[in-house]
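A.B. asks: Just passing along the structure, written as structure tokens.
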Amino acid sequence: MRQTTASTCCYCGVGCGVLIEHDGERILDVTGDPNHPANFGKLCSKGATLHLTGDLDARAHYPELRLGKGLARARTDWDSALDHAANVFAETIAEHGPDSVAFYISGQLLTEDYYAFNKLARALVGTNNIDSNSRLCMSSAVVGYKRSLGADAPPCSYEDIEQSDCLLIVGSNMAYAHPVLFRRLEAAKAKRPEMKVIVVDPRRTDTCDLADLHLAILPGTDVALFHGILHILLWEGWIDRDFIDAHTNGFDELKSMVRDYNPAMVADLCGIGVDELQTTAGLIGTSKRFLSLWCMGVNQSTAGSAKNSALINLHLATGQIGKPGAGPFSLTGQPNAMGGRETGSLSNLLPGHREAGNASHRAEVAEYWGVPALPEAPGLSAIELFDAVRSGKVKALWIACTNPAQSMPDQQKVHEALVACPFVVVQEAFFTTETCRYADLLLPAASWGEKEGTVTNSERRVSHVRAAIDAPGEARADWAITCDFARRLETLMRPSQASLFAFDAPSAIFEEYKLLTAGRDLDLSGLSHELIDRLGPQQWPFPTGSTHGTTRLYGDGVFPTDNGRARFLAEQYQAPKEKREARFPLTLNTGRLRDHWHGMSRTGTAARLFGHVEEALLSMSGDDMRRRRLLDGQLVKVRSRRGELLIPVHKDDSLRPGQAFMPMHWGDRFLKGMGVNVLTLPDFDPASKQPELKHAGVEVEKVELPWQFFALVEGGVQKRFEKLRPLFEGFAYASFSLTGRDRSALVIRAACNEAPDATQLAQIEQLLGLDEGPVVAYHDPRRAVGKRVRIEDGRIVALSLSGETAARDWLKQLWHDGTANQALRRWLLAPLSTPPGGGVRAAKTLCNCMNVGEDAICAGIDRGLDLNGLKRELGCGTSCGSCVPEIKRLLVKQPAVA
Ligand SMILES: Nc1nc2c(c(=O)[nH]1)N[C@H]1C(S)=C(S)[C@@H](COP(=O)(O)OP(=O)(O)OC[C@H]3O[C@@H](n4cnc5c(=O)[nH]c(N)nc54)[C@H](O)[C@@H]3O)O[C@H]1N2
Ligand SMILES: Nc1nc2c(c(=O)[nH]1)N[C@H]1C(S)=C(S)[C@@H](COP(=O)(O)OP(=O)(O)OC[C@H]3O[C@@H](n4cnc5c(=O)[nH]c(N)nc54)[C@H](O)[C@@H]3O)O[C@H]1N2
Ligand code: SF4
Ligand SMILES: [Mo]
């Protein structure tokens with residue numbers, strides 16, 4: 001029977017409500033929840049395709065244990081798995097002390113999961129070595145808010161986006177990364193075109209399509225820009241002296257510092273025009289309501305905290321905070337990064353926005369938990385933590401819901417750490433991740449649609465996440481795994497005492513946790529799972545007895561600092577760590593694509609989500625490519641001070657010369673090598689300890705790999721991929737993706753210097769189903785060139801090209817078209833491989849929701865359709881709207897004939 005369960009999307013921090021349609025066993029469809037205040041029924045291309053992701057063949061189904069390094073992991077049961085883990089942890093703690101173990105967790109856990117981990121680490125184990133991937137994501141924003149305003153609390157609401165007159169979007173590509181909010185902004189601007197939007201980003205992203213002004217600043221120069229803006233605001237008298245006097249401290253020091261940031265100097269440093277700087281300051285200074293939105297272009301920097309505070313300075317100086325349509329609004333990345341901050345899941349925090357380094361905070365929490373004391377020694381933050389694992393200081397590491405062997409900078413070192421660590425536990429929903437390879441104990445976790453708890457989105461809104469179906473196999477909810485392990489560890493570490501983890505449901509955890517927030521800035525004590533079910537998702541603070549949440553903070557000008565005043569921070573601009581120099585003349589920027597999520601464990605199971613960008617590419621400006629004599633699509637070697645990677649290059653004029661860009665999604669699974677983060681640097685901001693993931697110095701050079709391979713195979717793609725992937729270790733370059741709209745196929749591209757040995761190739765052909773059966777094959781041993789196609793019921797189901805691959809795109813298109821035509825048969829029997837007519841490029845899917853390819857859209861434009869016509873006839877752009885900016889660009893490039 002078809003049922004509907006209301007829950008939230010498990011991807012980004014917008015926190016959209018979804019309605020999961022299911023039959024109790026399988027999830028059949030997902031639509032936006034019209035009653036959820038974060039999205040009012042809208043979803044983006046990722047949310048709308050959730051039911052197509054999470055192939056069960058990629059899921060971890062039962063616990064697996066490795067009994068010695070070098071041995072394979074074998075299936076085990078939960079009791080043995082958790083007893084073993086408890087024994088190893090207890091022995092390690094007994095022998096080497098509590099700081100010899102550590103927990104590395106995630107902004108994608110639910111609040112209840114987080115709380116259980118925190119209590120486990122601090123109350124039971126007695127270590128502050130618990131950090132999360134939010135260290136790579138939000139920790140500079142946390143520092144910024146705390147230093148400038150007194151508490152880690154974004155003061156705004158999504159509705160402020162509609163009410164603002166001037167929006168400054170800094171280092172956020174919200175068209176890709178927070179699409180439903182971006183749609184909201186688009187709609188607001190369409191209604192009130194006089195609303196001004198300024199985007200500050202070194203790249204011209206899709207987000208810039210909406211901007212009245214795009215400031216393509218040089219990477220990392222944001223602090224100079226903000227100080228330069230303040231300089232002009234002061235000069236022009238566009239500041240709010242009354243607000244400054246009544247509600248802030250520290251303005252004079254800042255004022256004398258920004259005197260040096262004159263427009264000419266700032267424009268030069270930032271690489272923009274003085275007029276652009278003047279216009280920006282004018283818009284900010286004269287608009288009635290000024291709102292700023294920012295994300296990783298600000299936070300992921302060795303000056304991330306300074307960038308955050310310098311931006312907040314602009315709001316304090318103009319009094320643009322605490323009123324509708326105004327304020328500094330940091331967009332959170334992960335769905336529950338906020339919950340992590342609230343429950344204290346960074347090594348330096350404690351539950352309820354407390355500090356691990358504050359003795360009275362420790363005493364409060366220890367008393368509440370009924371333990372004598374909490375650990376004093378500072379805990380390790382992500383980068384320091386993996387260093388300590390590598391050097392042997394940390395001997396047992398528990399990783400949950402994050403994939404550090406893909407997402408941390410300086411991957412070579414992270415992999416070394418994971419190899420060196422005596423005991424690695426990985427609590428994961430998908431067994432396919434790079435980190436799972438290193439797990440001595442793999443614990444299968446329930447995932448989206450299968451687990452229950454709460455999450456807080458970017459606007460402080462707490463939603464109830466509900467389970468629709470059971471988790472596959474023996475997978476269990478994270479809170480349950482953590483508490484079960486904790487109870488076993490208790491029997492070894494504090495026998496015959498009452499359990500600290502006697503929770504029977506997530507709601508019981510929430511009830512305990514919420515009282516730790518009572519009286520704090522984030523007070524959630526009036527909330528419960530049941531109340532959210534009754535009243536809908538609520539914004540904190542929501543103290544006991546409240547009937548509704550809090551839309552906006554600081555309306556009274558009182559800030560949660562010691563004296564109630566906000567603070568101006570005066571910090572000088574500091575350049576990024578790796579400056580451009582002769583050996584590494586390009587700055588590598590990294591970031592998100594529209595349809596992939598991080599390491600792709602989930603989105604990488606859906607062919608449709610690969611349709612937008614199928615393979616990892618390095619983007620460079622036309623100028624930089626010409627200078628290096630590189631052609632579009634050519635393989636290059638990208639080198640940084642830490643590692644190198646082979647990848648095709650792509651001409652992208654949204655980049656200024658001197659800069660390159662690579663998506664952050666590829667690790668070692670879909671691309672051979674260690675992925676983008678083999679290149680990035682581990683240097684971090686001194687206050688937030690957030691690493692500089694967006695500015696690595698690199699150089700790019702051409703590589704010639706004459707022997708090329710291409711294959712495509714449909715059916716059982718996950719299982720095939722698992723078997724095929726290891727066979728490509730010997731290739732210099734290998735890239736994997738999925739393709740298809742209704743059917744899906746695995747696509748492989750690989751290259752090396754000379755032909756691999758025949759038995760290896762034969763093994764690959766066999767796994768592709770190209771060794772026997774209805775296979776047409778042509779082989780030229782002299783040139784080491786071969787082609788094979790398997791045809792069933794008149795359709796191509798598998799194919800390979802070895803030696804050279806000129807027919808690659810043509811064949812892929814034939815597979816998409818579903819025909820094995822005469823031209824194919826003739827081509828198969830001919831010695832040459834060039835396809836008839838020189839070949840075509842396979843069209844990419846532009847609109848994922850409605851499944852419309854770029855080819856169909858271009859054909860529509862040729863027929864004279866405009867945007868509305870395309871929407872009407874093809875349906876593209878009518879659901880989530882993420883593809884509209886790209887369709888608009890096609891319309892400009894290829895104007896419709898009148
Ligand atoms: N599709 C998709 N959406 C996602 C995610 C995903 O994986 N896929 N992940 C989620 C998560 S966890 C996060 S944290 C957010 C991230 O969301 P965003 O931060 O919006 O995404 P990024 O692409 O990482 O980076 C944003 C922009 O910062 C720019 N930038 C680089 N250096 C600088 C600089 O020095 N100054 C300025 N001003 N800008 C700079 C980059 O060019 C890039 O366009 O996205 C969330 N949403
Ligand atoms: N170069 C570069 N690197 C970056 C960034 C960048 O911009 N550039 N961005 C950084 C940022 S902002 C972030 S947030 C990180 C993200 O980096 P990661 O945290 O490594 O990202 P994910 O791939 O989302 O990892 C989440 C893992 O949890 C698993 N999972 C999903 N659901 C569940 C569940 O319910 N329970 C459990 N136990 N597991 C589950 C998924 O399969 C996945 O493997 O990457 C960082 N790394
Ligand atoms: S904007 Fe998209 S990815 Fe983010 S929560 Fe909403 S549907 Fe999910
Ligand atoms: Mo993030």
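Yes or no, residue by residue, for (1) among the β-branched types (Val, Ile, Thr); (2) in a loop (DSSP other than H, G, I, E, B); (3) within 16 Å of ligand 3 (Cβ to nearest atom):
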{"position": "VAL424", "(1), (2), (3)": "yes, no, no"}
{"position": "ARG488", "(1), (2), (3)": "no, no, no"}
{"position": "LEU516", "(1), (2), (3)": "no, no, no"}
{"position": "ASP521", "(1), (2), (3)": "no, yes, no"}
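A.B. asks: Kindly indicate the residue of the range 265-280 that is in a loop (DSSP other than H, G, I, E, B) and either aromatic (Phe, Trp, Tyr) or touching a residue at least 12 places away in the same chain (Cβ under 8 Å) (or both) and also surrounded by the fewest Cβ atoms within 10 Å (Cβ to Cβ) among those meeting that condition.
C.D. replies: So, considering only residues that are in a loop (DSSP other than H, G, I, E, B) and either aromatic (Phe, Trp, Tyr) or touching a residue at least 12 places away in the same chain (Cβ under 8 Å) (or both), the one surrounded by the fewest Cβ atoms within 10 Å (Cβ to Cβ) is GLY271.
A.B. asks: Within the range 152-179, track down each residue that is more than 16 Å from ligand 2 (Cβ to nearest atom), more than 22 Å from ASP556 (Cβ to Cβ) and open to solvent by 10 Å² or more (accessible area, probe 1.4 Å).
C.D. replies: Residues satisfying the conditions are GLU162, ASP165.
A.B. asks: Moving on. If I ask for residues that are acidic (Asp, Glu) and assigned to a helix (DSSP H, G or I), which ones from the range 575-628 would you list?
C.D. replies: Correct list: ASP623, ASP624.
A.B. asks: Turning to a different aspect of this structure: Can you pull out the residues in the range 233-255 that are open to solvent by 50 Å² or more (accessible area, probe 1.4 Å) and assigned to a helix (DSSP H, G or I)?
C.D. replies: If the condition is that a residue be open to solvent by 50 Å² or more (accessible area, probe 1.4 Å) and assigned to a helix (DSSP H, G or I), then TRP235, GLU236, ARG241, ASP242, ASP245, ALA246, ASP252, GLU253, LYS255 are the ones that fit.
A.B. asks: Considering only strands (runs of 3 or more DSSP E) fully contained in the range 728-802, which possess at least 1 residues that are without any contact (Cβ under 8 Å) to a residue 12 or more places away in the chain and within 25 Å of GLU704 (Cα to Cα)?
C.D. replies: 775-780
A.B. asks: Here is a follow-up. Can you tell which of ALA116, ALA102 is among the aliphatic types (A, V, I, L, M), under 15 Å from LEU397 (Cβ atoms), buried (at least 22 other Cβ atoms within 10 Å of the Cβ) and over 22 Å from the mean Cα position of the chain (by Cα)?
C.D. replies: Numbers: ALA116 fails: under 15 Å from LEU397 (Cβ atoms).
Exactly one residue qualifies, and that residue is ALA102.
A.B. asks: In the range 26-43, which residue that is surrounded by fewer than 20 Cβ atoms within 10 Å (Cβ to Cβ) and not in a loop (DSSP other than H, G, I, E, B) is nearest to ligand 1 (Cβ to nearest atom)? I'd like the intermediate steps shown before the answer.
C.D. replies: Taking the range 26-43 and keeping what is surrounded by fewer than 20 Cβ atoms within 10 Å (Cβ to Cβ), we get 26, 28-29, 31, 34-35, 40-41.
Subset that is not in a loop (DSSP other than H, G, I, E, B): 28-29, 31.
Numbers: LEU28: 24, ASP29: 21, THR31: 19 Å.
The extreme case among them is THR31.
A.B. asks: Answer yes or no: is there a residue in the range 649-665 that is within 16 Å of ligand 3 (Cβ to nearest atom), open to solvent by 20 Å² or more (accessible area, probe 1.4 Å) and of a type in the set (A, V, I, L, M).
C.D. replies: yes
A.B. asks: Oh, and also: Go through the range 281-363 and tell me which helices (runs of 4 or more DSSP H), entirely inside it, have 1 or more residues that are more than 16 Å from ligand 2 (Cβ to nearest atom). Steps first, please.
C.D. replies: On the way: elements: 296-299, 304-318, 337-343.
Answer list for the range 281-363: 304-318, 337-343.
A.B. asks: Can you tell me which residue among LEU617, LEU712 is more than 30 Å from ASP387 (Cβ to Cβ), of a type in the set (A, V, I, L, M), out of contact with any Ser or Thr (no Cβ under 6 Å at 6 or more places or on another chain) and within 16 Å of ligand 2 (Cβ to nearest atom)?
C.D. replies: LEU617
A.B. asks: Please go through the range 754-790 and give me each residue that is at pLDDT below 95, open to solvent by 40 Å² or more (accessible area, probe 1.4 Å) and over 27 Å from ASN821 (Cα atoms), ordered by number.
C.D. replies: GLU754, ALA755, ASP757, ALA758, THR759, GLN760, ARG782 - these are the residues of the range 754-790 that are at pLDDT below 95, open to solvent by 40 Å² or more (accessible area, probe 1.4 Å) and over 27 Å from ASN821 (Cα atoms).
A.B. asks: Need the failing condition index for GLY604 against (1) within 16 Å of ligand 3 (Cβ to nearest atom); (2) open to solvent by 10 Å² or more (accessible area, probe 1.4 Å), just the number.
C.D. replies: Just one mismatch for GLY604, condition (2).
A.B. asks: How many residues does the range 610-628 contain that are modelled with pLDDT under 95 and either within 17 Å of VAL698 (Cα to Cα) or among the small types (Gly, Ala, Ser) (or both)? If you could, list the steps in order and put the result at the bottom.
C.D. replies: Our first condition is that a residue be modelled with pLDDT under 95; within the range 610-628, this holds for 610-615.
In the following step, the residues that additionally are either within 17 Å of VAL698 (Cα to Cα) or among the small types (Gly, Ala, Ser) (or both) were identified as 611.
Residues flagged as modelled with pLDDT under 95 and either within 17 Å of VAL698 (Cα to Cα) or among the small types (Gly, Ala, Ser) (or both) within the range 610-628 amount to 1.
A.B. asks: Just for the range 57-70: of the residues that are modelled with pLDDT of 95 or more and open to solvent by 30 Å² or more (accessible area, probe 1.4 Å), which one is farthest from ASN457 (Cα to Cα)? Please lay out each step first, then the result.
C.D. replies: Of the range 57-70, the ones modelled with pLDDT of 95 or more are 57-66.
Then drop every residue that is not open to solvent by 30 Å² or more (accessible area, probe 1.4 Å), which leaves 57, 61-62, 64, 66.
Numbers: ASP57: 31, HIS61: 29, TYR62: 31, GLU64: 34, ARG66: 38 Å.
Out of the qualifying residues, it is ARG66.
A.B. asks: So how many residues does the range 134-191 have that are within 16 Å of ligand 4 (Cβ to nearest atom) and either within 21 Å of CYS16 (Cβ to Cβ) or assigned to a helix (DSSP H, G or I) (or both)?
C.D. replies: The total comes to 20.
A.B. asks: Determine, yes or no, whether GLY54 is at pLDDT below 95, under 21 Å from LYS719 (Cα atoms) and not hydroxyl-bearing (Ser, Thr, Tyr). Break it down into steps so the answer makes sense when it comes.
C.D. replies: Working: at pLDDT below 95: yes; under 21 Å from LYS719 (Cα atoms): yes; not hydroxyl-bearing (Ser, Thr, Tyr): yes.
Here the answer is yes, as GLY54 does meet what is asked.
A.B. asks: Would it be correct to say that GLU355 is surrounded by fewer than 24 Cβ atoms within 10 Å (Cβ to Cβ), farther than 17 Å from GLY150 by Cβ and of a type in the set (Asp, Glu)?
C.D. replies: So GLU355 does not fit the description; no.
A.B. asks: Within the group LEU230, LEU215, which residue is open to solvent by less than 10 Å² (accessible area, probe 1.4 Å) and over 27 Å from the mean Cα position of the chain (by Cα)?
C.D. replies: LEU230
A.B. asks: Just for the range 850-883: of the residues that are in contact with a strand residue (DSSP E or B) (Cβ under 9 Å, 6 or more places away or on another chain), open to solvent by less than 60 Å² (accessible area, probe 1.4 Å) and β-branched (Val, Ile, Thr), which one is farthest from ligand 1 (Cβ to nearest atom)?
C.D. replies: If we take residues in the range 850-883 being in contact with a strand residue (DSSP E or B) (Cβ under 9 Å, 6 or more places away or on another chain), open to solvent by less than 60 Å² (accessible area, probe 1.4 Å) and β-branched (Val, Ile, Thr), then ILE857 is farthest from ligand 1 (Cβ to nearest atom).
A.B. asks: For the range 395-443, how many residues meet the condition of being more than 11 Å from ligand 2 (Cβ to nearest atom), among the β-branched types (Val, Ile, Thr) and more than 24 Å from ASN128 (Cβ to Cβ)?
C.D. replies: Qualifying residue count, the range 395-443: 1.
A.B. asks: When the range 451-483 is examined, which residues are found to be within 21 Å of the chain's Cα centre (by Cα) and either modelled with pLDDT under 95 or among the acidic types (Asp, Glu) (or both)?
C.D. replies: Once the filter is applied, which keeps residues that are within 21 Å of the chain's Cα centre (by Cα) and either modelled with pLDDT under 95 or among the acidic types (Asp, Glu) (or both), the range 451-483 yields GLU459, ASP478.
A.B. asks: Specify the residue that is nearest to ligand 3 (Cβ to nearest atom); the eligible residues are those in the range 343-359 that are over 14 Å from LYS119 (Cβ atoms) and touching a strand residue (DSSP E or B) at 6+ places or on another chain (Cβ under 9 Å). Write out each step before concluding.
C.D. replies: If we filter the range 343-359 for residues that are over 14 Å from LYS119 (Cβ atoms), which is where we start, we get 346-348, 353, 355, 357-359.
Restricting the remaining residues to those that are touching a strand residue (DSSP E or B) at 6+ places or on another chain (Cβ under 9 Å) gives 346-348, 355, 358.
On the way: LEU346: 23, SER347: 27, ASN348: 28, GLU355: 30, ASN358: 34 Å.
The qualifying residue nearest to ligand 3 (Cβ to nearest atom) is LEU346.
A.B. asks: Of these, GLY107, GLY47, which one is crowded, with 24+ Cβ neighbours inside 10 Å and either hydrophobic (A, V, I, L, M, F, W, C) or within 16 Å of ligand 4 (Cβ to nearest atom) (or both)?
C.D. replies: Of the residues listed, the single one that is crowded, with 24+ Cβ neighbours inside 10 Å and either hydrophobic (A, V, I, L, M, F, W, C) or within 16 Å of ligand 4 (Cβ to nearest atom) (or both) is GLY107.
A.B. asks: If you check GLU91 against the conditions, is it in a helix (DSSP H, G or I) and more than 28 Å from the chain's Cα centre (by Cα)?
C.D. replies: For GLU91, the condition - in a helix (DSSP H, G or I) and more than 28 Å from the chain's Cα centre (by Cα) - is met.
A.B. asks: Between GLU692, GLU614, which is surrounded by 23 or more Cβ atoms within 10 Å (Cβ to Cβ) and among the charged types (D, E, K, R)? Break it down into steps so the answer makes sense when it comes.
C.D. replies: On the way: GLU614 fails: surrounded by 23 or more Cβ atoms within 10 Å (Cβ to Cβ).
When all the criteria are applied, what remains is GLU692.
A.B. asks: Those residues that are under 29 Å from LEU746 (Cα atoms), within 21 Å of the chain's Cα centre (by Cα) and of a type in the set (Lys, Arg), I need them from the range 653-702; list them, please.
C.D. replies: Result: ARG669, LYS672.
A.B. asks: Any residue that is closer than 30 Å to GLU416 by Cα, touching a Phe, Trp or Tyr at 6+ places or on another chain (Cβ under 8 Å) and open to solvent by 10 Å² or more (accessible area, probe 1.4 Å) - is there at least one of those in the range 320-329?
C.D. replies: No, the range 320-329 has no match at all.
The values are calculated or read from the model by the stated rules, or taken from the named source; none is laboratory data. All values reported here derive from a predicted model rather than from experimental measurement. Neighbour counts run over all protein chains shown; Cβ positions are idealised from the backbone, glycine included. Ligands, DNA and RNA are excluded from the accessible area calculation, which covers all protein heavy atoms including side chains. Shrake-Rupley method; radii C 1.70, N 1.55, O 1.52, S 1.80 Å.
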